[in-house]
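Accompanying notes for the structure given below.
The values are calculated or read from the model by the stated rules, or taken from the named source; none is laboratory data. What you see is a predicted model; the values in this text were computed from it and never measured. Here Cβ is always computed from backbone atoms with ideal geometry, including for glycine, and neighbour counts include all displayed protein chains. For the accessible areas, the whole protein counts, side chains as well, though only heavy atoms, and no ligand, DNA or RNA atoms are used. Shrake-Rupley method; radii C 1.70, N 1.55, O 1.52, S 1.80 Å.
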Amino acid sequence: MGGIQRAEGSDRKPARQAANEMVQMRDFKVTIVGRARCDPKFAKALLDEAATLFLNGEADIARLVLRDLVNATVGFESLAVETAKPAKSLHRMLSKNGNPTMDNLGAILGVLRKKLGVEIQARTIAAHEESSLTGTEMTPSDLVDP
């Protein structure tokens, strides 16, 4: 009997499948970071997306987007200097299960804003819903306040 077999009922993936998924994820991250390094518009779009995700309750994804953006722009060592926080703590804050305080998040966003030369502005728009009274669907123009 060769190799290690999975225990019955185990949710673990075979080692080869897990390794392939890790390589695919790494390739994706390398692609994102590489593009953000050479395409300022893409980097700005990542910052916009991260802020939008945070404001819409998807903080776990927002932290990962910010982590990739930090890697592509300022790097964690420079971010540590600019925020006066240890790089290791910043890595933890921007991990999937990280929990940065609002002050730390504001500091991170401030460094990224400065690096990218942008401001972050929040605005509200009506949520996209079907009209229950008329049965008609809303159009994009319905989402913009005049």
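Between Gln121 and Asn99, the distance separating the two model label sites (each 7 Å from Cα on the Cα→Cβ line) works out to 3.5 nm. Accessible-area rank, largest first, for Asp60, Asp39, Asp48: Asp48, Asp60, Asp39, with all protein chains present and a 1.4 angstrom probe. Pairwise alpha-carbon distances in region 30-124 exceed 15 Å for 56% of all pairs. Label separation (Arg37 vs Lys88): 2.6 nm, computed from points 7 Å beyond Cα along the C-beta direction.
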